[in-house]
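Take a look at the structure below.
The values are calculated or read from the model by the stated rules, or taken from the named source; none is laboratory data. What you see is a predicted model, and the numbers here were worked out from it, not measured in a lab. With ideal geometry, Cβ positions are generated from the backbone for all residues, glycine too; neighbour counts draw on all protein chains shown. Protein only, heavy atoms only, side chains kept; ligands, DNA and RNA dropped before computing areas. Shrake-Rupley method; radii C 1.70, N 1.55, O 1.52, S 1.80 Å.
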Amino acid sequence: MKKYKVFTINPGSTSTKIALFEGEECLYTQNVSHDAAELAKYETISDQLPYRRNMILDLLKEAGQSIDDVDVFVGRGGGLFAMEGGTYDVDELLLNHAKTMANGVIHPAALGPQLAAEFASKNGARAMVVNPPDVDEYQDLARMTGIKGVYRLAHLHSLNLKETAIRHSKNVLHKKYEEANYIVCHIGGGISVSAHREGKMVDGFDIVGGEGPMAPTRCGSISVANLLDYMKKNDLGVADVKPLITKSGGFVSHEGISDAIELTNRAANGDKYAEMLWNTMIYQIEKCIGSMAVVLHGKVDGILLGGGMVHNKDLVQQITDTCSFIAPVFAYPGEFEMEAMAAGAIRVLDGEEELKHYTGKPCFTGFDFE
């Protein structure tokens, strides 16, 4: 079987990760940081494309790496309307929606398809995206809220969540992802807890919307009444409190830091506030895991933990002690994002998975009976 070459591109807010794969082997990888002042020169995120492209080319030249024979360029998706999971062709519609960030979420991940398309065009290759952040496979019961016309949205670390489940299925259970049920967590700067039933991510917590457990920079779920009282007491508007959802909540709100290692060091040195904050975050993760077990009717083949904070043995042990009555707990520290993008493209090239085409229409817009 041919070993395809895949080049993956993952643009972030302050960095760009790149990796070159031949089959499952990573030949080269680099994570370059960008100067905030340099990025500030560009009016829109899409305007950053030439700057990031040239930086990637410079890195490859310095490392003596060639992308002339790459079969597929895979970019981290962004700016797209909700879709089911899978690997998608970067066609004209998907590219246009990434450029304009059609879904209203302004994030550098939208540069991924644009960079992939540009490199692919110049090298006579293909361009794809794999399980972008806009994946929405929620079951109907997960969508409705107690306010008419307001629906729950899916914003999760879908790429790493799904890849962790795919790899665990293959390497541990020796079956297909579509034949198993999991609770999968990504525990890092943001925290995603999700339920996977037979290859579909049927429920989870909208981390962009403020659901789920608190995280280093995120407030997580709180009472609406508490939030309204907080806003009134401090004379704050929506724009003032919205950053609490993704930037200034969690550890930042309490201790002024976002580094979990620093927080646990403070706790180890006798800081009771830091200790309570750390344990409360873990407690909230455990509660969310329990709720996903109910979603799966207790039929859970494994609880899978991924993300940077899973390197912390105390966190893994606490979750194992509390949740292993549901299913065995498995730790996958770090993330598989670059590997996941390459693997998705290779599955398509090998004929194991069908290449999908972006419709530009949200996969859910409301119920027919309303």
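Before moving on, here are some points about what is shown:
- Model label zone, ASP68; criterion: amide N under 14 Å from point 7 Å along Cα-to-beta-carbon; scope region 109-131: 123-124
- With the convex hull drawn around the C-alpha atoms of region 1-72, the volume per residue stands at 91 Å³.
- The tail of the calculated P(r) for region 322-370, taken as Cα-Cα distances beyond 12 Å, holds 79 percent of the pairs.
- Eigen-decomposition of the gyration tensor built on the alpha-carbon atoms of region 101-155 gives equivalent ellipsoid semi-axes of 33, 12, 7 angstrom, largest listed first.
- Ranking of LYS170, LYS247 by solvent-accessible surface, largest first: LYS247, LYS170 (1.4 Å probe, protein heavy atoms only, all chains present).
- Relative to one another, the C-alpha centroids of region 119-197 and region 337-370 are positioned 10 Å apart.
- Using a probe of 1.4 angstrom and keeping all protein chains present, the accessible surface of region 1-109 works out to 48 square angstrom per residue.
- Normalised by 2.2 N^0.38 Å, where N is the number of residues, the C-alpha radius of gyration of region 195-288 stands at 1.21.
- Of the accessible area of the chain, computed with a 1.4 Å probe over protein heavy atoms only, carbon and sulfur atoms account for 52 percent.
- Hydrodynamic radius (Kirkwood) for the chain, which is based on Cα pairs only, to one decimal in Å: 21.5 Å
- Label-point gap, in nm, between LYS299 and ASP89 - each point 7 angstrom along Cα→Cβ: 3.5 nm
- Approximate spin-label separation ASN279-TYR230, in nm, with each point projected 7 Å along Cα-to-Cβ: 2.2 nm
- Taking all protein chains together, LYS61, LYS17, LYS41 sort by accessible area into LYS61, LYS41, LYS17, largest first [probe 1.4 Å].
- Lysines with Cα under 24 Å of LYS61, excluding same-chain neighbours fewer than 8 positions away: LYS3, LYS5, LYS17, LYS122
- Euclidean distance between Cα centres, region 25-57 to region 211-229, Å: 33 Å
- Probe 1.4 Å - accessible area at TYR88, Å² to nearest ten: 10 Å²
- In percent, rounded to a whole number, the relative contact order of region 33-131 is 36, using alpha-carbon pairs under 8 Å and six or more apart.
- Taking the longest Cα principal axis of the chain as reference, the axis of helix 111-123 is set at about 10 degrees.
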